[in-house]
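Single-structure report; data block below.
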Amino acid sequence: MGNIAVEPLSRAKIRGRAAFLRNVLGLQGLYIRIDIVLEIMSCPMKNTDPLIEMEICEDYEMPNEYAVYSPQKNLLRVRNSVYEGACAGNPRDRFTLAHELGHFFLHRYQTYQFARSEGDIPAYRNPEW
């Protein structure tokens, strides 16, 4: 799949939305266990569906991607090694999960799959930027 264009968001807007979410959830200045956030979001709540579906895959099932969020399915697929690394506090793996969760919050009503790839669209319109 090639790149797709999304509505541009500046770094300031993205950071502002992240700060707003941290403030609403009372998470300012705290170390966030992104794995636990995703576990909570992927569990059904009383009388409701999960906020997001999460599938932890064997690494060989995702040879070219660490994690992918698909808005049309509301599905986050994650390599097992990345998920385990995030659980262990590995910064790169924590970033990968937070990045994909960002797609959920910023682009969940799009009908495309987001994954790192090369393309010709401007960086400010690229959802991976």
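The values are calculated or read from the model by the stated rules, or taken from the named source; none is laboratory data. Fair warning: this is a prediction, and the values are worked out from it, not measured in the lab. Virtual Cβ from ideal backbone geometry, glycine too; neighbours counted across all protein chains shown. Note: areas computed on protein heavy atoms with side chains; ligands, DNA, RNA excluded. Shrake-Rupley method; radii C 1.70, N 1.55, O 1.52, S 1.80 Å.
Tabulated values for the structure
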{"quantity": "Difference of contour (0.36 nm per residue) and Cα-Cα distance, SER81 to CYS57", "calculated": "7.8 nm"}
{"quantity": "Nearest-10 value in Å² for the accessible area of MET54, using the 1.4 Å probe", "calculated": "40 Å²"}
{"quantity": "Spatial separation of Cα centroids for region 9-72 and region 75-91, in angstrom", "calculated": "12 Å"}
{"quantity": "Region 55-107: GluC sites (Glu not before Pro) in DSSP loop, at most 14 other beta carbons within 10 Å", "calculated": "GLU58"}
{"quantity": "Beta bridges by DSSP in region 1-89, antiparallel share as percent, to the nearest 5", "calculated": "45 percent"}
